[in-house]
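The values are calculated or read from the model by the stated rules, or taken from the named source; none is laboratory data. What you see is a predicted model, and the numbers here were worked out from it, not measured in a lab. Backbone-built Cβ (ideal geometry, glycine too); neighbour counts: all protein chains shown. What goes into the accessible areas is simple: the full protein's heavy atoms, side chains included, and nothing from ligands, DNA or RNA. Shrake-Rupley method; radii C 1.70, N 1.55, O 1.52, S 1.80 Å.
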Amino acid sequence: MSTRSTGRLRFGLVAGVVGLASIVSAVLLNVLASSFSRRFDLTATGEHQLSPRSRAIASALSGGGEATIAVVGDLSGIDAASKASVRDVLERFAAESGGSASWSMIDVGRPGGQERALGLLGELAGRDAAVTRDRERVVRGVMAVCERAAADAEESLIPGVSRALTLAGDRGVTPARALAEAERMLLEMPSWPRQLREAARRAEGELARAEGGVVIPAPGAAARVMASVLGPVASALVRLEDSLRVIDAAPGGAGGSELAAAAEAIRARREFIDAASETALSIKPTGSESAAEVLRVTAAVLFVGPTRGDEPGLVRALPVEAVLGAGVGAGRADARRQAEVVIARELARLTNPKTPIVVLAGCEPLLGGRRLRMYENAKRRFASLGADVVEWDLMRDPTRPDLTGLNPSGDRPVVWVARFPDNALPATSPDDRPGIERARMMGAAMGALAREGASLLVSVGASIVPISKEPDPADAVLGLFGLRAASDRVVMREDYDGPRRMARVDVTADVSAGAIGPASAIADSIRGLPIRIPWAVPIEGSAPAEGGATIAPGWEVATAGRGAGWWLESRWRPFRQIPRAERDFVKDPPAFNENEDERGGPWCVVAAGERPGHGRAQRLVVVGSNEWLVFAESVEEMRRQGQASLEDFAAAGANVQLLESAVYWLAGQDDLVGQGAEARAVARVKPLEPGRLLILQVILIAGLPACVLLLGVLYRVATG
Amino acid sequence: MSVILTIARREVASFFRLPVGWVCVALFMFLAGLLMVTTSLTPDQPASMRAFFAFAGWLLMPVVPAVSMRLISEELRSGTIEPLMTSPASDLGIVVGKYLGGLIFLAVLILPTATHAAVLVWVSDPAPDPGPIVSGYLALMLVGGFYLSVGLLISTLTGNQTLAYVLAFFSILGLLAGPGLLGALIPPGEGWSWAREVLAGVAVNPRAADFSRGVVDTSHVVYFVSGSALFVVLSALALASRRWR
């Protein structure tokens, strides 16, 4: 072999070894780098990091079994940027949880996606097996009631009622309306057995429900089917019983003992059916059922809590829009943050599944049997968050609602949300009471609750009571926390439309810069949001507080009246009586009067307090307006009529956010208080005139390259 | 080291001596301007160069081969490689010098797009977040450097510049689109997850996309730097092999 050949061989060997070593080194280096990688977020807002609260929630999962987050559904319609940012958020959560949270994104539109989704549902159904069996047993009990009620209706109820009404008709004069109602019911009754049996049959189908071959029993749906029939039957029986009793009680005793006996028989059956209906309503869907139900109609994000002992982990299913695809255009910049907020809240709920019970207490005028729907928005919001909502109308029934059905073990937090009524209003009907009496009723009820250690959210409005040197009824609650409502004066602002002077009472509150301690959690959650507090009254400290309340510093959550043009108006009542639409056109609107009014804001309009309670700290949030929630409701109504502006929407949403944060804070579930929702200013391209935009486009596309070429020519000329 | 710098300096100067260098810069500015106007300069939309940088990989694809094609090919074609190889510079030194020269030219190529950022700042309210812009430019340099090293290797293998351009173009296209296309061919199921992971590991686009969002991940930096280093070493070996042909 020649020297050259030897050299070639040697070089070939060395080159091969060096080349191979380089490749192996590069691969190893990359494997190591991906295992020990560090990410640096260069965005000014820390867009790609979890907030400290999210990190704390993720860390709390560690060591408690594995929680799973699965994004499941046809994700082809969701833009890639949203998916990427949510993937990133999920990865961050998984990393922060130290392996206690895992995630997956299953696109059923892609090969194998359907199988993976069904596999996940089957796994969830397996986890829920014991709970499903228990609920199935109860459902079958209610199905048996349906069957019995159907048979009873055919065999005894319908003939009995028919006989009684025939007798009533034969025997003399009867109240026409009641008889007509009873006869109408009698005509309806033959359809009941069919409906009841049909409900039982459909319920059976729900219990054997399957998705793509995977059996996922749906006891919740089965119960709903039966409740949808049992409820109306029970209501119809109430009306029938009432009609029969009216006929029976009519002068001349139209039906005599047959009617009374029939009414009594109906009452017994109604109670039986009512109980079955209540039982059906109390059956909640299992986690696997909820997940399957949501996935049937839309893509969803499933949050599956860790199984503890025999207890299957909580399963929550949210429509995918709640997490993914939250924004378009400028909103997309915040899509990641929104996904993080929702995921953090749901993970916190998995670790703390005790959802609060919210009692919405009102004492509004009796409006001829109509209910004042004040809390519809709030109710929907809380229902979507899994909280139970109970309405308590003190005017109808001053007895405190019984919560043992919702809270048998008594370990769920209960938050009482009270709106003090407008106490300047007179009674509207003979059954009604004047506003001042209703306010006192509310004060007495809430004061008693507060003394028992309940946590309350109190809305206090402008009041005529302090004018007569009486304490405001709300002070029975506020005083326990070292607070009082200066409700005799209203925060007003001077405004001008050209030369026309106006007085404004729609106050947008600023989050208090000094909010620390108890108030800071709520303050952080609404910072930057437009909280609208109409007819605001100042909340003040009134030391000494009873029972060691935390009153300072930091009880201020939000203030109003910073800057010129604001004052506290004492003669607000005539202005309030003017219809809202006409206030801007009043000839002589309220103006600052230095002898009676006060300047020198800002004034606190939302405050929070805390004091040592029974076992845990008792908390209070007070809002110096009894219209701040009605405002959110009215915007919702205006939206339906197409009258609300974007600003109104924002403010309505912000107000409900304040309500939600306050309720979670009062429930002691600080982790669920929305994290800093401060609206960050997203940089946008300013509106440009078309001509100017075209010039810019031409410069960027053609002008700059042409300049480069020109520069090249000049360079070559200069360098010869 | 001084030899490397001398080679690099000579390389940079040669780019500007020839029309092709200026045409490259103009071509890149044209493509970048087109991309900027269509993705980032829409009134009332977020003022960000995210989309611009996310497409950086594609933007550089036709331009970098034009820079890399002549790095060694030109020397091979003109025969000036022989004196260069007999100079005191080692094979690795020659390749590193050439690569460094190409990299400096790449920086010069990218620099004028700073006017795009300036325009965006001018027409935005408030000013856009500078973080993602900085990381985006870092991505342009890293991705460009990586492509350049691939082009350098190809340039070492052939004396035909056209062939070097075409091969480098398709190699970069393969790096950009290959993992996605191959990923679509992989059958579903857990058994093939390793293949999916490997493809995800070598994909350039997701890494560039991270930079465009303002995230600098050390693993991405290592990927581009080690990838570039690997191709430079392979180029040096390819050059050294000429001594033994």
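One line per residue, one yes/no per condition, for (1) within 30 Å of A:Ala56 (Cα to Cα); (2) assigned to a helix (DSSP H, G or I); (3) modelled with pLDDT under 90; (4) facing another protein chain (nearest Cβ under 7 Å):
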position: A:Tyr664; (1), (2), (3), (4): yes, yes, yes, no
position: A:Gln675; (1), (2), (3), (4): yes, no, yes, no
position: A:Glu678; (1), (2), (3), (4): yes, no, yes, no
position: A:Val682; (1), (2), (3), (4): yes, no, yes, yes
position: A:Ile699; (1), (2), (3), (4): no, yes, no, no
position: A:Val708; (1), (2), (3), (4): no, yes, no, yes
position: A:Val713; (1), (2), (3), (4): no, yes, no, no
Practice task
Test A:Ala218 against the criterion of being modelled with pLDDT of 90 or more, under 22 Å from A:Leu302 (Cβ atoms) and open to solvent by less than 50 Å² (accessible area, probe 1.4 Å), and give yes or no.
Solution key: yes
Problem - Boolean, B:Ala56 is within 14 Å of chain A (Cβ to nearest Cβ) and touching a Ser or Thr at 6+ places or on another chain (Cβ under 8 Å) - result: no
Exercise for the section: Could you check, for region B:88-109, whether at least one of its residues is farther than 29 Å from A:Phe11 by Cα, within 14 Å of chain A (Cβ to nearest Cβ), small (Gly, Ala, Ser) and surrounded by fewer than 16 Cβ atoms within 10 Å (Cβ to Cβ)? Expected result: no
Problem - Sole residue being at pLDDT below 90, within 30 Å of A:Val685 (Cβ to Cβ) and within 14 Å of chain A (Cβ to nearest Cβ), chosen from B:Val204, B:Val198 - result: B:Val204
Handout entry: Test set (1) touching a residue at least 40 places away in the same chain (Cβ under 8 Å); (2) within 27 Å of the chain's Cα centre (by Cα) - A:Ala117 fails condition number
Key = (2)
Exercise for the section: Could you check how many residues of region A:478-499 are in a strand (DSSP E or B) and modelled with pLDDT under 85? Expected result: 1
Practice task
For A:Glu470, work out the one condition from (1) within 27 Å of A:Gly561 (Cα to Cα); (2) surrounded by fewer than 19 Cβ atoms within 10 Å (Cβ to Cβ); (3) at pLDDT 85 or above it doesn't fulfil.
Solution key: (3)
Practice task
Answer yes if at least one residue in region B:215-223 is outside any helix (DSSP H, G or I), in contact with a His (Cβ under 9 Å, 6 or more places away or on another chain), within 11 Å of chain A (Cβ to nearest Cβ) and open to solvent by less than 60 Å² (accessible area, probe 1.4 Å), and no otherwise.
Solution key: yes
Exercise for the section: Just one of (1) part of a helix (DSSP H, G or I); (2) more than 14 Å from chain B (Cβ to nearest Cβ); (3) out of contact with any Lys or Arg (no Cβ under 9 Å at 6 or more places or on another chain) trips up A:Val24, so point out which. Expected result: (2)
Exercise for the section: For A:Ser51, indicate whether it is touching a residue at least 40 places away in the same chain (Cβ under 8 Å), more than 8 Å from chain B (Cβ to nearest Cβ) and either under 19 Å from B:Gly201 (Cβ atoms) or hydroxyl-bearing (Ser, Thr, Tyr) (or both). Expected result: yes
Problem - Extreme residue, nearest to B:Pro83 (Cα to Cα), among residues of region B:1-19 that are open to solvent by less than 50 Å² (accessible area, probe 1.4 Å) and more than 7 Å from chain A (Cβ to nearest Cβ) - result: B:Ile7
Problem - Selected residue [more than 22 Å from A:Ala291 (Cβ to Cβ), small (Gly, Ala, Ser) and touching a Leu at 6+ places or on another chain (Cβ under 8 Å)] from A:Ala151, A:Ala176, A:Ala164 - result: A:Ala164
Fill in the blank from the handout: Those residues of region A:18-55 which are aliphatic (A, V, I, L, M), open to solvent by 60 Å² or more (accessible area, probe 1.4 Å) and within 35 Å of the chain's Cα centre (by Cα) amount to A:Leu42, A:Ala44
Handout entry: A:Leu425 open to solvent by less than 40 Å² (accessible area, probe 1.4 Å) and in contact (Cβ under 8 Å) with a residue 40 or more places away in the chain
Key = no
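Condition check ((1) surrounded by fewer than 16 Cβ atoms within 10 Å (Cβ to Cβ); (2) within 14 Å of chain B (Cβ to nearest Cβ); (3) touching a strand residue (DSSP E or B) at 6+ places or on another chain (Cβ under 7 Å); (4) at pLDDT below 90) across all residues:
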{"position": "A:Gly112", "(1), (2), (3), (4)": "yes, yes, no, yes"}
{"position": "A:Asp128", "(1), (2), (3), (4)": "no, no, no, yes"}
{"position": "A:Val139", "(1), (2), (3), (4)": "no, no, no, no"}
{"position": "A:Leu165", "(1), (2), (3), (4)": "no, no, no, yes"}
Practice task
Tell me which of these B:Val143 doesn't satisfy, since it passes every other one: (1) open to solvent by 10 Å² or more (accessible area, probe 1.4 Å); (2) more than 13 Å from chain A (Cβ to nearest Cβ); (3) closer than 23 Å to B:Gly214 by Cβ.
Solution key: (1)
Problem - Selection count, region A:1-17, where residues are open to solvent by 60 Å² or more (accessible area, probe 1.4 Å) and facing chain B (nearest Cβ under 7 Å) - result: 1
Problem - Options A:Ala95, A:Ala44, A:Ala58, A:Ala67; residue that is over 26 Å from A:Val294 (Cβ atoms) and more than 12 Å from chain B (Cβ to nearest Cβ) - result: A:Ala95
Practice task
Kindly indicate whether any position in region A:350-372 is at pLDDT 80 or above, of a type in the set (D, E, K, R) and touching a Lys or Arg at 6+ places or on another chain (Cβ under 6 Å).
Solution key: no
Practice task
Report those strands (runs of 3 or more DSSP E) wholly inside region A:525-587 carrying at least 3 residues which are within 26 Å of A:Leu658 (Cα to Cα) and either at pLDDT 85 or above or β-branched (Val, Ile, Thr) (or both).
Solution key: A:531-534, A:556-560, A:566-569
